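Below: one structure, written as structure tokens.
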Amino acid sequence: MQTFVTEAVDWPGTAPDLREQVRALVAAHGERDPVRRANCWTKANPQFSKKLGEAGLLGMTWPKEYGGHERSQLERYVVIEELLAAGAPVGAHWIADRQSGPLLLRLGNEELKRRWVPEIARGEAFACIGLSEPGSGSDLASVRTTARRDGSDWVIDGQKVWTSGAHVSHFMIALVRSEAGSERQQGLSQFVIPMDTPGVTVKPITDLTGAHEFNEVFFDAVRLPAHALLGEEGAGWKQATAELSLERSGPERYLSSMVLFLELVRHAETAQDPALAELVGRLAAEAWTLRLMSASVAAKLARGEDPALEATMVKDLGNSYEQAIPQLVQAAVDWERIDAQVVQAVCFYLLQVSPSFSLRGGTREIVKGIIARGLGLR
Amino acid sequence: MSDTRRMLAEMADPLFAELGADATMDRDGARLEQLGLPALLMPEADGGFGGDWMDALTVFRLAGYHALAIDLPAMIVAKTAGEGTEAHFALMAFARTAQIAGALDAALALSVGYVNERQQFGRPLGKFQAVQQSLAGFACEAAAANCAAVGAAQALERGDAGFEIAAAKLRANRAVEVGTTVAHQVHGAIGFTHEYGLHPLTRRLWQWRSEYGNDAYWSKRLGTMVVDAGADSFWPGLTARTD
Ligand SMILES: Cc1cc2nc3c(=O)[nH]c(=O)nc-3n(C[C@H](O)[C@H](O)[C@H](O)COP(=O)(O)OP(=O)(O)OC[C@H]3O[C@@H](n4cnc5c(N)ncnc54)[C@H](O)[C@@H]3O)c2cc1C
């Protein structure tokens with residue numbers, strides 16, 4: 001048995017230049033406050049996204065015809081791991097660049113592609129994911145928001161919840177029930193819903209830190225033209241779950257607390273505490289391993305394989321790692337020291353947000369269930 | 001995988017499976033010599049196999065997978081680095097990392113096979129979510145150890161692998177804890193017997209975790225390396241090692 005076959009990742013020759021480009025851009029336009037750099041892919045900064053678009057660092061792998069840059073998947077991987085490691089405020093465009101754009105290019109009709117893809121690549125159009133509903137969390141097949149045909153139009157009614165970035169987004173890709181009376185995975189379809197369509201209402205949800213990052217989204221007789229249907233009618237389940245493997249495999253699944261690790265190293269430079277050095281060693285070993293695993297999944301995706309099991313393992317290990325960092329740092333640092341202020345601020349912020357790491361994108365239990373099935377259990 | 005490496009694996013796999021945990025140097029050493037395995041890393045010009053570090057990884061991992069009782073990895077390493085040297089210690093740490101990776105995969109396979117067979121409460125244990133979730137966690141740890149071993153081998157191919165071997169041995173050591181605990185837990189009492197084939201794997205895993213640097217040893221060394229280099233060098237340093 002070998003559950004995870006790694007191969008040498010053929011890092012692109014352009015990687016060093018791309019890294020320099022990203023580092024310079026982040027130094028000039030990124031966040032200075034280390035607390036703001038933590039969990040950075042939920043921090044929306046439309047101006048920063050626009051800068052990335054101007055630099056050709058969004059939609060990197062997409063066809064030029066749609067505003068992309070026809071770079072390789074691994075070149076894109078280099079750019080996103082640099083952005084995350086530097087704690088750049090990438091939240092506004094993150095979902096659009098990671099999954100909505102690719103999904104539109106793969107399944108969208110010409111009208112949808114022309115409308116949205118070039119704007120995403122410019123860093124001017126942002127997207128949100130409409131899966132969860134009040135009655136539908138882990139059990140996603142129970143969604144109840146409906147789409148009903150009216151002439152050639154579609155009319156959407158219902159509600160989504162926990163929608164990250166809905167308040168800064170220009171459109172949502174929503175999973176809804178398009179066949180009345182259908183059950184479970186049957187009769188679901190995906191729709192592209194511009195957020196400024198009459199009948200769409202976004203209401204903020206304040207999280208436990210007091211921040212506004214996710215929302216409730218209500219649909220009251222939202223009328224959409226026929227071309228708003230994404231892909232095939234009734235194939236929504238298959239389409240949405242394929243999207244999840246893109247969503248689960250990226251370096252954002254282990255780098256959300258990287259800034260705290262770096263602040264720990266900085267603190268250890270002056271604190272001269274052997275226990276801190278040991279913790280640094282342990283966390284560095286894990287970061288090195290996770291980077292290898294995550295890049296290996298990216299290399300497989302780039303070759304057109306679907307390493308779904310490996311991607312799920314990276315998510316589980318990565319989430320556990322980024323969640324453990326604030327707990328371990330809290331236990332190890334001497335908080336009486338006055339030079340511990342920065343590491344403390346980042347640590348105490350991440351302690352509060354880290355519970356979400358093993359919820360978003362599929363909970364730890366659901367993810368482990370997928371791994372178990374991959375092992376041949378059930 | 002290259003053709004020679006596949007050939008090597010096809011030769012070593014059944015042989016190590018046959019010799020396994022009962023192998024002795026007196027009885028079986030000659031067979032390993034005959035196949036030229038101890039000279040795996042020596043150049044062909046010197047009568048060796050001319051293998052590279054990825055070949056070594058393959059052999060070391062299979063030795064771990066089958067809990068080979070002869071310390072073939074030590075024989076191989078002894079031919080490239082003098083005992084007692086820093087280089088020897090590091091290469092043996094790499095060997096143990098690969099053996100841990102193999103043994104974890106074998107213990108995982110044994111565990112998955114067992115819970116799919118063994119019935120309690122009228123169904124296979126593998127149907128119970130609690131059992132599934134612990135085995136999923138085990139699989140992730142085994143995967144991490146295997147990737148770490150590959151990463152260290154790749155670094156040895158590139159040249160200086162000081163950082164990678166430290167990180168890989170430490171990561172593999174940590175995987176031993178979850179792996180051995182879960183493997184024994186899901187096996188129940190049968191796994192605690194001398195007759196059943198789990199202990200040759202788990203007892204070696206505990207041994208290899210402490211040999212050539214336990215967790216404390218490598219975390220101190222790696223941590224000191226990272227802290228001395230400084231926070232601002234960590235990420236650029238990490239990426240420069242693979243670019
Ligand atoms: C910060 C954040 C951002 C998010 N952003 C988005 C977004 O943009 N778009 C979107 O659609 N959703 C989003 N979500 C929602 C997220 O996908 C859900 O929280 C997740 O799917 C779990 O659903 P739930 O919260 O309803 O929990 P529940 O499904 O009610 O689960 C509660 C607990 O029970 C466990 N559980 C549930 N079922 C089982 C089972 N069968 N076996 C064992 N344990 C089980 C879960 O693992 C969990 O621990 C976000 C969530 C967070 C925290």
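The values are calculated or read from the model by the stated rules, or taken from the named source; none is laboratory data. Quick caveat, the model's predicted, so the values are computed rather than measured. Backbone-built Cβ (ideal geometry, glycine too); neighbour counts: all protein chains shown.
Tabulated data
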| item | result |
| --- | --- |
| Residues located in region B:95-141, provided they are charged (D, E, K, R), in a helix (DSSP H, G or I) and either closer than 24 Å to B:Arg61 by Cβ or more than 16 Å from the ligand (Cβ to nearest atom) (or both) | B:Arg96, B:Asp105, B:Glu117, B:Glu141 |
| Matching residues, region A:140-162, being within 12 Å of the ligand (Cβ to nearest atom), under 19 Å from A:Val202 (Cβ atoms) and not β-branched (Val, Ile, Thr) | A:Gln159, A:Lys160, A:Trp162 |
| Subset of region A:66-96 [within 16 Å of the ligand (Cβ to nearest atom) and either in a helix (DSSP H, G or I) or on the phi > 0 side of the Ramachandran plot (or both)] | A:Gly91, A:Ala92, A:His93, A:Trp94, A:Ile95, A:Ala96 |
| Residue list for region A:238-251, filter: modelled with pLDDT under 95 and within 14 Å of the chain's Cα centre (by Cα) | A:Glu243, A:Leu244, A:Ser245, A:Leu246, A:Glu247, A:Arg248, A:Ser249, A:Gly250 |
| Members of region A:341-366 found to be within 14 Å of chain B (Cβ to nearest Cβ), buried (at least 17 other Cβ atoms within 10 Å of the Cβ) and either more than 26 Å from A:Thr241 (Cα to Cα) or away from the ligand (no atom under 16 Å from the Cβ) (or both), listed by number | A:Val343, A:Val346 |
| Any hit, region A:4-11, residues being modelled with pLDDT under 95, surrounded by 15 or more Cβ atoms within 10 Å (Cβ to Cβ) and either of a type in the set (Asp, Glu) or touching a Cys at 6+ places or on another chain (Cβ under 7 Å) (or both) | yes |
| Selection within region A:317-367 - acidic (Asp, Glu) and more than 25 Å from A:Gly130 (Cβ to Cβ) | A:Glu322, A:Asp334, A:Glu336, A:Asp339 |
| Failed condition for A:Val367, given (1) touching an Asp or Glu at 6+ places or on another chain (Cβ under 6 Å); (2) in a helix (DSSP H, G or I); (3) over 22 Å from B:Ala142 (Cβ atoms) | (3) |
| Region A:7-38, subset over 15 Å from A:Glu82 (Cα atoms) and within 14 Å of another protein chain (Cβ to nearest Cβ), residue farthest from the ligand (Cβ to nearest atom) | A:Gly13 |
| In region A:175-221, the residues that are away from the ligand (no atom under 14 Å from the Cβ) and β-branched (Val, Ile, Thr) | A:Val192, A:Thr197, A:Val200, A:Thr201 |
| Hey, A:Gly165 on the phi > 0 side of the Ramachandran plot, away from every other protein chain (no Cβ under 14 Å) and within 12 Å of the ligand (Cβ to nearest atom) or not | yes |
| Test: residue in region B:180-191 that is under 20 Å from B:Thr85 (Cα atoms) and assigned by TED's automatic domain parsing to the domain that holds B:Gly113 | no |
| Among residues of region B:75-94, those that are surrounded by fewer than 17 Cβ atoms within 10 Å (Cβ to Cβ) and either under 15 Å from the mean Cα position of the chain (by Cα) or not in a helix (DSSP H, G or I) (or both), counted | 7 |
| Enumeration of residues in region B:30-51 that are surrounded by fewer than 17 Cβ atoms within 10 Å (Cβ to Cβ) and within 20 Å of B:Gln154 (Cα to Cα) | B:Pro43, B:Gly50 |
| Test: residue in region A:263-285 that is crowded, with 22+ Cβ neighbours inside 10 Å and touching a Pro at 6+ places or on another chain (Cβ under 9 Å) | yes |
| Every residue from region B:116-168 that is surrounded by 24 or more Cβ atoms within 10 Å (Cβ to Cβ), at the interface with another protein chain (Cβ under 8 Å from one of its Cβ atoms), touching a residue at least 40 places away in the same chain (Cβ under 8 Å) and under 21 Å from B:Gly223 (Cβ atoms) | B:Ala148, B:Glu164, B:Ala166, B:Ala167, B:Ala168 |
| Qualifying residues in region A:367-378 (those that are surrounded by fewer than 18 Cβ atoms within 10 Å (Cβ to Cβ) and free of Cβ contacts under 8 Å to residues at least 12 places away in the same chain) - the one farthest from the ligand (Cβ to nearest atom) | A:Gly376 |
| Some residue of region A:319-340 being under 22 Å from A:Trp288 (Cα atoms), within 11 Å of chain B (Cβ to nearest Cβ) and within 12 Å of the ligand (Cβ to nearest atom) | yes |
| Test: residue in region B:193-208 that is within 8 Å of chain A (Cβ to nearest Cβ) and in a helix (DSSP H, G or I) | no |
| In region A:39-94, residue farthest from the other protein chains (Cβ to nearest Cβ) [restricted to those that are farther than 16 Å from A:Ala295 by Cβ and among the acidic types (Asp, Glu)] | A:Glu65 |
| Residues located in region A:225-243, provided they are buried (at least 20 other Cβ atoms within 10 Å of the Cβ) and out of contact with any Leu (no Cβ under 7 Å at 6 or more places or on another chain) | A:Ala228, A:Leu229 |
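Condition check ((1) closer than 21 Å to A:Ser249 by Cα; (2) out of contact with any strand residue (DSSP E or B) (no Cβ under 7 Å at 6 or more places or on another chain); (3) within 11 Å of the ligand (Cβ to nearest atom)) across all residues:
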site	(1), (2), (3)
A:Arg98	yes, yes, no
A:Gly101	yes, yes, no
A:Leu107	yes, no, no
A:Glu119	no, yes, no
A:Ala127	yes, no, yes
A:Glu133	no, no, yes
A:Ser138	yes, yes, yes
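Listed here are the residues, each with its yes/no results for (1) more than 7 Å from every other protein chain (Cβ to nearest Cβ); (2) closer than 20 Å to A:Leu83 by Cα; (3) in contact (Cβ under 8 Å) with a residue 60 or more places away in the chain.
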residue: A:Glu243; (1), (2), (3): yes, no, yes
residue: A:Leu255; (1), (2), (3): yes, yes, yes
residue: A:Met258; (1), (2), (3): yes, yes, yes
residue: A:Leu264; (1), (2), (3): yes, yes, yes
residue: A:Asp273; (1), (2), (3): yes, no, yes
residue: A:Ala277; (1), (2), (3): no, no, no
residue: A:Leu292; (1), (2), (3): no, yes, yes
